[in-house]
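Reviewing the structure listed below.
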Amino acid sequence: MSAPIFDPAGLEPRTATDEQRAEAPLARTPDGTWVVLGHQEAKAVASDHGSFSSAVSRFLQVPNGLDGAEHTAFREVTDPFFGPERMEALEPVVRGIAAELVSELLDDVGAAGTEIDAVAALGAVFAVRAQTAWLGWPAALEPELLQWMIDNHEASRSRELARTAEVAEQFDAMIRSVVAPRRALGADAPEDVTTELMRVRVPLPDPEIPGSRERVLEDEEIVSILRNWTGGDLGSIALCVGVLLTALTRAPELAERLRSGSFAEASAIVDELLRIDDPFVSNRRVATCPVTLAGQEIGEGEQVLIHWTSANRDERVFAEPDGMDPHGNAPQNLVYGIGKHICPGRPLATLELVVAVQELLSVADVRPAETPGEREIAPVGGWAHAPVVLVPRR
Ligand code: HEM
């Protein structure tokens, strides 16, 4: 039996895949891309690095577009940027940013509270401030980055390649504007994450030096890594904040658990809410050889989309996809992926999300708004607009 035809483009990812997954765990778009909807199948594809390559783009993407030893070498030198000691040192900085933003939002707000869009007013602004502080970028970049997030979002919704390329170029220009002055300053460059990244030596031979075992990063590689650390993830953090706050309006008892629980308890709740409504929808692969998956023959060179949002709600693994079971479901949670390409930024994302929610809840209750929310459409998920009412706690 051939795979059902299903094109997720332009659809609300969660509803569309809930319906489609009931028919089969693997579907195919009209132009032949395989869409992996099942949990077991998503795990199988993401963990089989030999049969499925991540080299899906014609642009350099470090490390996400790399395979094999080259990918491992880059992960080895970039993963430590998200190590526990670094995250511990960053926590007070991120907490300060969240507290300040929350107090800006609650400034002069009366007992009835104020309605905000959790994605734009809290998520996006917080993401930009937290990421720029982490990377050591000037705060003056904030308006440019916020505008870029809007342009990037519109470009990816339009699915016009020229528009997407233009937005990508704008972003690269912004990154070059922080890299170039550091290059010029050399040893006098500010000691921050960006400068440290520029000094990294990757364990790969330098083609210019015979017998060498490591080399410095090329500018294009630095730009690509920084693009990965910011470009996609600012949007993801903003969307995650929308998902989390909307969920809290519907389950106030969770707010109490987040307020009083430990960091570990709070991160388990955050992960589980994101599993239920995963806004980081999908990643691509290309088959390097013929592979059988869910009874279908995937041919060499064929495109494959791993649909995390769908896999995270697969009834065969999560008997009640909408049920909250933070600890029980954690081992099967695929919000941050699986396999060699598993998200290296997870500790930072978790830190930012837990801290943002905790700081907000320490001074406000989050209640439902009268304005209805608007769901996102693929390629992203969650809420495009997530209106919530913040009521100051006296
Ligand atoms: C906001 C929540 C986030 C979610 C839900 C998320 C999710 C994911 C997922 C599912 C992957 C796997 C991609 C694949 O298998 O092809 C991934 C990869 C990646 N993520 Fe995240 N991510 C988040 C935040 C971040 C942050 C904050 C950073 C860095 C600052 C980051 C950096 C990366 C990088 C560099 C990769 C590529 C890894 C590789 O290919 O080896 N992510 N992310």
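The values are calculated or read from the model by the stated rules, or taken from the named source; none is laboratory data. Just so you know, these numbers come straight off a predicted model, no measurement behind them. Every residue, glycine as well, gets a Cβ built from its backbone with ideal geometry; the counts of neighbours run over all protein chains shown.
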| Which of the residues that make up the stretch 246-261 are farther than 20 Å from residue 120 by Cβ, of a type in the set (Gly, Ala, Ser) and within 25 Å of the chain's Cα centre (by Cα)? | 251, 255, 261
| Every pair of residues 6+ apart whose Cβ atoms lie under 7 Å, when the first sits in the stretch 272-283 and is farther than 15 Å from residue 233 by Cα while the second is assigned to a helix (DSSP H, G or I) | 272/326; 272/329; 273/243; 273/244; 273/247; 275/329; 277/14; 277/243
| message | I need the helices (runs of 4 or more DSSP H) fully contained in the stretch 136-215, keeping only those with at least 1 residues that are within 21 Å of residue 63 (Cβ to Cβ) and modelled with pLDDT of 90 or more. | response | 161-185, 193-199
| note | Among strands (runs of 3 or more DSSP E) entirely inside the stretch 237-331, those with 3 or more residues being touching a Lys or Arg at 6+ places or on another chain (Cβ under 8 Å) are 303-307
| For the stretch 362-387, what are the residues that are out of contact with any helix residue (DSSP H, G or I) (no Cβ under 9 Å at 6 or more places or on another chain) and either without any contact (Cβ under 8 Å) to a residue 40 or more places away in the chain or of a type outside the set (Val, Ile, Thr) (or both)? | 370, 372, 374
| said: Looking at 224, 262, can you tell me which residue is farther than 30 Å from residue 26 by Cα and away from the ligand (no atom under 16 Å from the Cβ)? | reply: 262
| Residues that are more than 7 Å from the ligand (Cβ to nearest atom), closer than 29 Å to residue 69 by Cβ and among the small types (Gly, Ala, Ser), drawn from the stretch 310-357 | 311
| Can you pull out the residues in the stretch 33-54 that are within 13 Å of the ligand (Cβ to nearest atom), in a loop (DSSP other than H, G, I, E, B), more than 22 Å from residue 21 (Cα to Cα) and over 19 Å from the mean Cα position of the chain (by Cα)? | 49
| query | Yes or no: residue 56 modelled with pLDDT of 95 or more, surrounded by 16 or more Cβ atoms within 10 Å (Cβ to Cβ) and either of a type in the set (S, T, N, Q) or more than 20 Å from residue 240 (Cα to Cα) (or both)? | reply | yes
| note | Condition set within 16 Å of the ligand (Cβ to nearest atom) and at pLDDT below 95, scope the stretch 358-394, selection farthest from residue 72 (Cα to Cα): answer is 378
| query | Restricting attention to the stretch 58-77, which residues are within 20 Å of residue 231 (Cα to Cα), within 11 Å of the ligand (Cβ to nearest atom) and touching a residue at least 40 places away in the same chain (Cβ under 8 Å)? | reply | 61, 62, 63, 64, 71, 74, 75
| Between a first residue in the stretch 325-351 that is closer than 11 Å to residue 267 by Cβ and a second residue that is within 6 Å of the ligand (Cβ to nearest atom) and aliphatic (A, V, I, L, M), which pairs have beta carbons less than 7 Å apart while being 6 or more apart in sequence or on different chains? | 349/237
| message | Suppose we filter 206, 219, 233 for residues that are over 23 Å from residue 342 (Cα atoms) and touching a residue at least 12 places away in the same chain (Cβ under 8 Å); which single one remains? | response | 219
| message | Against the definition (out of contact with any Phe, Trp or Tyr (no Cβ under 7 Å at 6 or more places or on another chain), away from the ligand (no atom under 16 Å from the Cβ) and farther than 24 Å from residue 283 by Cβ), how does residue 207 come out, yes or no? | response | yes
| Filtered residues of the stretch 219-249 (kept if modelled with pLDDT under 95 and charged (D, E, K, R)) | 219, 220, 227, 233
| request: Considering every residue within the stretch 20-42, establish whether at least one is in contact (Cβ under 8 Å) with a residue 40 or more places away in the chain, of a type in the set (Phe, Trp, Tyr) and more than 26 Å from residue 157 (Cα to Cα). | output: no
| note | Going through the stretch 284-299 in order, the residues found to be of a type in the set (S, T, N, Q) and either within 16 Å of the ligand (Cβ to nearest atom) or in contact (Cβ under 8 Å) with a residue 60 or more places away in the chain (or both) are 288, 296
